[in-house]
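Below is one structure, written out as C-alpha cells, with a few remarks after it.
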Amino acid sequence: MRRAVCPGSFDPVTNGHLDIVARASNLFDEVVVAVGVNKSKNRLFTPDERIDMLRTACEPYPNVSVDGFTGLLTDFCRDRGIRTIVKGLRAVSDFDYELQMAQMNASLAEVETVFVPTSPEYSFLASSVVKEDATFGGDVSALLPAFVHERLVRRLAERDQGSR
Ligand code: ADP
C-alpha cells in the first residue's frame with residue numbers, strides 16, 4: 001500500500017491545495033491531508049474548523065482522509081507508517097525553504113518528499129494572499145470552494161465587528 005501525506009496549515013483550504021491533493025490521490029493508494037494544529041496566534045480559523053472544511057472539500061476523493069497533527073510531521077509519518085510527503089511547488093521562492101524542510105525531514109526519519117509542480121492557474125495562490133485580498137474586499141470567490149468562500153467572508157465580517 002503506497003501512502004502519502006499532504007501537510008499544511010490550510011487556513012483556509014484553497015483550490016491550489018485541492019489541486020495538489022487530487023493529483024496526489026491519483027499517484028498514491030491512500031493520502032492523508034495533515035493539518036498542522038500547533039498553537040499560533042495568526043490563524044483565522046481554529047484547527048477543528050480547518051479540518052472540517054478540508055473533510056468536506058475532500059469528499060470527492062475516496063482515498064483521501066484528513067487529520068490534525070501536532071509536533072513533528074516526521075513523528076506523524078512514523079506513527080502512520082507513511083514514507084512519502086507530497087508538497088506543491090509554486091515558484092522558485094518556495095524551493096529554498098521546501099528543499100531545506102525535505103532534507104531536514106529525511107534526516108529525522110525514513111521519509112522522502114515528492115514535489116508536485118503547481119498548475120499554472122494556481123501558481124500565485126496562497127491562503128495568506130487570499131485572506132489579505134478578501135480583507136480589503138477583493139473578490140477571491142474563484143480561488144476557493146464556494147462553501148469555504150462563504151465561511152471566509154463571514155469570519156472576516158465577524159473579526160471586523162469584534163475589532164470595532
Ligand atoms: P499557504 O498559506 O502557502 O497556502 P499551507 O501551509 O496551507 O500554506 O500550504 C500547504 C502546502 O500546500 C504548501 O507547502 C504547498 O506545498 C501547497 N500549496 C499551497 N498552495 C498551493 C498552490 N497554489 N499550488 C500548489 N501547491 C500549493
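Quick look at the values:
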item	result
Only listed residue being within 15 Å of the ligand (Cβ to nearest atom), over 15 Å from Phe28 (Cα atoms) and loosely packed, with under 13 Cβ neighbours inside 10 Å, chosen from Tyr122, Tyr97	Tyr97
Given (1) within 9 Å of the ligand (Cβ to nearest atom); (2) at pLDDT below 95; (3) among the aliphatic types (A, V, I, L, M), number of the condition Met1 does not satisfy	(1)
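Listed here are the residues, each with its yes/no results for (1) hydroxyl-bearing (Ser, Thr, Tyr); (2) away from the ligand (no atom under 16 Å from the Cβ).
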| position | (1), (2) |
| --- | --- |
| Ala91 | no, no |
| Met104 | no, no |
| Thr113 | yes, no |
| Val130 | no, no |
| Phe147 | no, yes |
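Each row is one residue, and each column tells you yes or no for (1) away from the ligand (no atom under 14 Å from the Cβ); (2) within 19 Å of Ala126 (Cβ to Cβ); (3) assigned to a helix (DSSP H, G or I); (4) in contact (Cβ under 8 Å) with a residue 12 or more places away in the chain.
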residue: Val5; (1), (2), (3), (4): no, no, no, yes
residue: Ala22; (1), (2), (3), (4): no, yes, yes, yes
residue: Ala34; (1), (2), (3), (4): no, yes, no, yes
residue: Asn38; (1), (2), (3), (4): no, yes, no, yes
residue: Ile51; (1), (2), (3), (4): no, no, yes, yes
residue: Glu59; (1), (2), (3), (4): yes, no, no, no
residue: Val66; (1), (2), (3), (4): no, no, no, yes
residue: Phe76; (1), (2), (3), (4): yes, no, yes, yes
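Residues are listed down the side, and each one gets a yes or a no for (1) over 17 Å from the mean Cα position of the chain (by Cα); (2) under 26 Å from Met1 (Cα atoms); (3) not β-branched (Val, Ile, Thr):
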residue: Glu49; (1), (2), (3): no, no, yes
residue: Cys77; (1), (2), (3): no, yes, yes
residue: Thr84; (1), (2), (3): no, yes, no
residue: Leu89; (1), (2), (3): no, yes, yes
residue: Ser127; (1), (2), (3): no, no, yes
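The values are calculated or read from the model by the stated rules, or taken from the named source; none is laboratory data. As the structure is a computational prediction, the values presented were derived from the model and not from experiment. Every residue, glycine as well, gets a Cβ built from its backbone with ideal geometry; the counts of neighbours run over all protein chains shown.
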